[in-house]
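Have a look at the structure below, then the notes.
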Amino acid sequence: MTYKNNIDLYLEKHGFEALCPKAVLFDMDGVLYDSMPHHAIAWQRAMEVFGIKMTIDDAYATEGARGVDTIRMMVKRQQGRDIDEAEAQRMYDEKTRQFHALPETRIMPGIPELMEKIHNDGLTIGVVTGSGQRPLINRLMKDFGEYLTEDHIVTAYDVKHGKPNPDPYLMGLQKCGSLKPYEAFVVENAPLGVKAGVAAQIFTIAVNTGPLPNKVLMDCGADLIFEKMPDLAEAWHSII
C-alpha cells in the first residue's frame, strides 16, 4: 500500500510543492510510552487533593496540553476563579508526584522498530511533549539516547502556548535544524496534539493508542491514521 493520495492532499491543502522529510517529531505520552492510563489515575488523585473532579475522559480530552494550562482551565470551570501559573504549577507538582508513585510505564510496542528505521534513513528524531518533568526527560535519554539528543526535545517549558496551538511543533522544527513544515512528520495520538501538528502545517500521522474513535482524530485533521504503532512501523517505508 502506498500513501501518495494522502501526501498529495496535504501538499494541495498547504500549497507546498513536495514533502521532503528531514525529521520526525514524536509526542511522548501515548506514543513513545503506554503511559496514558497512569496519567489519568495521577490526574484524578492529584486534582482531588485540591477539590477538583477530573475524570478519565477529561484526562484523555486534555492530553498533550501543558499541565498548568489544563489545571487553570479546570479550576476556572469548577471553582469559577482564575489562578496564575505559579499556583497551577504547585498543583501540577502534586500530579507529577502521583504519577511517579505509580509503576514505570512500558515503551509502546512498535516504537523501537520505528525509531531504528527512521534513524537508519538518516532523519532527525525529535520529541514534543506537554510534560516537563526532569525524570521523564532522563528516561527519554535512557531509552532512546541512541536516536535522540536532549536538544531535540521540546517540553512544556519551551513554549508559552501549548497544544493545540502550533507553537510546540514549530519549536520542534526549530530545534531540529530550523526546518520548514514540509520537511517533517508529526506522530501523535491525541486530539490536541493532532490539532497542533496540523496547525503547524506539518504532515501529521495519528496512531490511535487510546479509547477515542478514529473519527475524532480524523476530524482534528490527521493526514494519516493507524490503529497501532506496529502498523506504522511496518508501513514506514511506504509512506516516505
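Once backbone amide H atoms are built at 1.01 Å from N, Tyr147 has no partners under 5 Å, excluding neighbours fewer than 5 places away on the same chain. For the chain, excluding the exposed loop sites themselves (GluC sites (Glu not before Pro), DSSP loop, at most 14 other Cβ atoms within 10 Å), the longest remaining stretch covers 18-103. Residues whose amide H falls under 5 Å from that of Leu179, counting only those 5 or more places apart or on a different chain, are Gln174, with hydrogens built in the peptide plane. The translational diffusion coefficient of the chain, from Stokes-Einstein at 4 °C and 1.567 mPa s with a Kirkwood hydrodynamic radius over alpha carbon pairs, comes to 72 µm²/s.
Note on segment 36-100: the alpha carbon radius of gyration divided by the globular reference 2.2 N^0.38 Å gives 0.97.
By the helix-only formula, in which each DSSP H run with n ≥ 4 contributes -39500 (n - 2.57) and the sum is divided by residues, the chain has a 222 nm mean residue ellipticity of -14500 deg cm²/dmol. Kirkwood analysis of the Cα pair distances in segment 1-74 returns a hydrodynamic radius of 15.3 Å. Put a plus charge on the Cβ of each Lys and Arg, a minus charge on the Cβ of each Asp and Glu, and nothing anywhere else: the dipole of the chain about its Cα centre is then about 560 debye.
A convex hull fitted around the alpha carbon atoms of segment 1-127 yields 165 Å³ per residue. Each Lys or Arg adds one and each Asp or Glu takes one away; over the other residues whose Cβ falls under 15 Å from the Cβ of Leu9, this sums to -2. Which residue, chosen from Ser35, Ile83, Thr70, occupies the Cα position most advanced towards the positive end of the dipole of the chain, where the dipole is computed from +1 (Lys, Arg) and -1 (Asp, Glu) charges on Cβ about the Cα centre? Value computed over the given set: Ile83. The region of the chain that goes longest without hitting one of the trypsin sites (Lys or Arg not before Pro) in a DSSP loop, each with at most 12 other Cβ atoms within 10 Å, is 161-240. Under a 5 Å amide H cut-off, with hydrogens placed 1.01 Å from N, Thr209 pairs with nothing among residues at least 5 apart or on other chains.
Place a point 7 Å from Cα of Lys13 in the direction of its Cβ. Which residues in segment 164-190 have their backbone N less than 15 Å from it? Residues 166, 181-190 qualify, since their backbone N sits under 15 Å from the label point. Each residue of segment 116-131 was assigned a 3J(HN,Hα) from its phi angle through the Karplus expression (A = 6.51, B = -1.76, C = 1.60, θ = phi - 60°), giving 4, 4, 4, 4, 5, 7, x, 8, 6, 10, x, 10, 10, 10, x, 8 Hz with x at Gly and Pro. Couplings 3J(HN,Hα) for segment 61-71, derived from phi with the Karplus relation 6.51 cos²θ - 1.76 cosθ + 1.60 (θ = phi - 60°), are 5, 9, 4, x, 6, 4, x, 5, 5, 4, 5 Hz, where x marks Gly and Pro.
All of the numbers you see were taken from the coordinates with simple rules; none came from a lab. Nothing here was measured: the structure is a model prediction, and the numbers come from that model. Reconstructed Cβ throughout: ideal geometry from the backbone, glycine too, with neighbour counts over all protein chains shown.
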